[in-house]
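Q: Please read through the structure below; I'll follow up with questions.
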Amino acid sequence: MRKSVFFFILCLALSTHAVERVSLETLQSDWSNYRNRDIVLTTPLVVCGSFYDSLILAPTRLFTPDETGEKEQPSRIIVHCRNNYYRVRTGDVVPRLKARVTGDGHLLTGKTISTRHTKPDRLPRPKKGELRIVGANIENYFADLGGYATRRTTPAQQAVKTQKLVRAMKKMHADIFALCEMQVGTKGPEMLLTALNKGHDRYAFISMPLADADRIGGCFIYNKERVRAYGQPLSAYRDTANHYHARIFAQAFEETATGRRLIVSLSHLKSKRAGRGYDDTQLKRMANTDSLLALLPRAVQHFGDSDLLLLGDFNCYTQELPIQTVVRAGYADLLPHGTPSDYSYNFKGEAGYLDRCFANPSMAGQVIRVRPWHVNADWYYTHGAVKQKDRSEHRYSDHDPIIVDIQLR
């Protein structure tokens, strides 16, 4: 009798903690049926985002509707776990997830989730005769810490960021870098060039003409052996001190070997505030766009050249009005045509192109290839590199750089 009772209790306990195999579609069709039960998901999942103690998983990569124009989104799920987020990156595959279903439609696991890593993106060198230009947001690069947007950055974190950025810039093999979120003035570019030029004097810089040194602006860094700047930089605003939010300027460059020229504009449009959606600061971004479109004809006249390449962080996805306005003005949006199923930024699990590359008709015919280099957006927060003692090029910023190879003629 006692043996029978013990066997019954054991079977009851085992059945209570039995792990059930279930697909994501079945689970999401009826959460209540699996509440507070342990399951194994048979649907392979992709890591779409990571934050704090959670991962965003879905059957495929998630793209923001403002990028694709598609309102229907694939199924997704939030998993609360104990992951080392610096080692889990967007695009990793979770082939078999074991977790407990919570009452609020999430999954909970007290263990580290095993993922199958995707290979880091390899960037080939430009071919002979090609000029490489890179547009990149370098995420609040300041020499003076403690000021605007840097109050939580320590000297150790900034030193690691500089190491990472320099390593990435060397691997890009670019002749011209158009950098957003560089400290206004000369201190930020000089600090970066000191590290980049170690052992030689190959690179020079041109700063965005803004007056407030405690603000983010932008700069061009270029290889003096390959190109030279000509003419003075042209700003979108004459009263630059009061329009730091526009951050738009242009510079002309000439190949030292051939004397062929082009004009590169660098733009950093007003950002949206987190969680505010499409309409937040829309009027300011449209005002920035109008300023850019007014600047470009002036740049052609100012520099005496007609080839225009537009780079920068536009803080807008492909379907948003500022991007469509630039396209309607006659400038080709090269990224969605060259690599349509790609991205340069990832926010709350949804990817898209915030970083852009446009060209006027004469310039578009000279662009050989354009693509993002996934060195940042797939990785977790930059400052974790200090604790991890990571000195790789990955995650020096939250944006991926845009690589443009051209052949001037």
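Rule-based calculations on the coordinates, nothing more; no lab input. Values in this document were obtained by computation on a predicted structure and should not be read as measured data. Please note: Cβ atoms are built from the backbone with ideal geometry, for glycine as well, and neighbour counts cover all protein chains shown.
Q: Please figure out what share of the DSSP beta bridges in segment 18-108 is antiparallel and state it in percent, rounded to the nearest 5.
A: Values: 17 of 22 bridges.
Around 75 percent of the beta bridges assigned by DSSP in segment 18-108 are antiparallel ones.
Q: Further question: Based on the alpha carbon coordinates of segment 284-409, what radius of gyration and maximum Cα-Cα distance (Dmax) apply, in Å?
A: Final numbers for Rg and Dmax: 16.3, 51 Å.
Q: Taking the number of other C-beta atoms within 10 Å as the exposure measure, put Asp305, Asp290 in order starting with the fewest.
A: Asp290, Asp305
Q: Tell me the mean residue ellipticity at 222 nm calculated for the chain from its helices only (DSSP H runs of n ≥ 4, each -39500 (n - 2.57), averaged over every residue, nearest 500).
A: -7000 deg cm²/dmol
Q: Additional query: What relative contact order, as a whole-number percentage, does the chain give when Cα pairs under 8 Å and 6 or more residues apart are counted?
A: Computed value for the chain: 16 percent relative contact order.
Q: Which of the three applies to segment 115-215, rounded, prolate or oblate, going by the alpha-carbon gyration tensor with a ≥ b ≥ c and a/c under 1.5 meaning rounded? Kindly include the intermediate steps, with their values, before the conclusion.
A: Numbers: a/c = 1.95, a/b = 1.30, b/c = 1.49.
Oblate, because a/c is 1.5 or more while a/b does not exceed b/c.
Q: State which entries of Lys119/Lys164; Lys119/Lys389; Lys170/Lys224; Lys127/Lys170; Lys272/Lys389; Lys71/Lys348 exceed 24 angstrom in Cα-Cα distance in the structure shown.
A: With Cα atoms farther than 24 Å apart: Lys272/Lys389.
Q: Springs between alpha-carbon atoms under 10 Å, Gaussian network over the chain: tell me which of Phe51, Phe303, Phe220 tops the mean-square fluctuations.
A: Of Phe51, Phe303, Phe220, the most mobile in the Gaussian network model is Phe51.
Q: Give me the orientation-averaged projected area of the Cα convex hull of segment 18-108, in nm², one decimal.
A: Projected area, direction-averaged: 6.2 nm².
Q: Restricting to bridges with both residues inside the chain, how much of the DSSP beta-bridge set is antiparallel, in percent to the nearest 5?
A: 80
Q: If you stretched the chain out fully between Lys98 and Glu225, how much longer would it get, using 0.36 nm times the residue separation minus the C-alpha to C-alpha distance?
A: Computed gain between Lys98 and Glu225 is 40.1 nm.
Q: Hey, another quick one. What residues have an amide H closer than 5 Å to that of Val94, excluding those fewer than 5 places away on the same chain, when H is modeled at 1.01 Å from N in the peptide plane?
A: Leu45, Val46, Val47, Arg116
Q: Same structure, new question: Short version: ³J(HN,Hα) in whole Hz for each residue of segment 214-226, in order, from phi by Karplus 6.51 cos²θ - 1.76 cosθ + 1.60 (θ = phi - 60°), x for Gly and Pro, what are they?
A: 9, 10, 7, x, x, 7, 9, 10, 9, 7, 5, 6, 10
Q: Still on this structure, please answer the following. Peptides 199-209, 161-171, 341-351: what's the order by average Cβ count within 10 Å, highest mean first?
A: 341-351, 161-171, 199-209
Q: Which cross-chain or sequence-distant (5 or more) residues have an amide H under 5 Å from the amide H of Arg369, H modelled 1.01 Å from N in plane?
A: Sorted by chain and number, the residues that satisfy this are Asp405.
Q: Then there is this: Tell me which label goes with the value of log10 I(q)/I(0) by the Debye sum over Cα atoms at q = 0.06, 0.11 Å⁻¹ computed from the coordinates here: [x] -0.20, -0.73; [y] -0.29, -0.83; [z] -0.46, -0.91.
A: Computed from these coordinates, log10 I(q)/I(0) by the Debye sum over Cα atoms at q = 0.06, 0.11 Å⁻¹ corresponds to label [y].
Q: For segment 18-108, what does the relative contact order come out to in percent, with C-alpha contacts under 8 Å and a separation of six or more?
A: 34
Q: A further question follows. Among Leu321, Leu57, Leu293, which comes first, then next, by fewest other beta-carbon atoms within 10 Å?
A: Leu321, Leu293, Leu57
Q: Here's another thing I want to ask about it. Pick out the long, greasy-scoring helices in the chain: whole DSSP H runs spanning 27 Å or more along their own axis by Cα, mean Kyte-Doolittle at least -0.5.
A: The qualifying helices are 282-303.
Q: Which listed residue (Pro209, Leu310, Pro297) has the Cα farthest towards the positive end of the charge dipole for segment 131-406, taking +1 on Lys and Arg C-beta and -1 on Asp and Glu C-beta about the Cα centre?
A: Positive-most Cα among the choices belongs to Pro209.
Q: What distance in nm lies between label points placed 7 Å from Cα along the C-beta direction at Arg369 and Val19?
A: Reported label-point gap for Arg369 and Val19 is 4.3 nm.
Q: Using a simple spin-label model with points 7 Å from Cα along the Cα→Cβ vector, what separation in nm is obtained for Ser392 and Leu321?
A: 4.1
Q: Which far-off residues, 5 or more places away or on another chain, put their amide H under 5 Å from the one on Leu210, with H placed in the peptide plane?
A: Gly185
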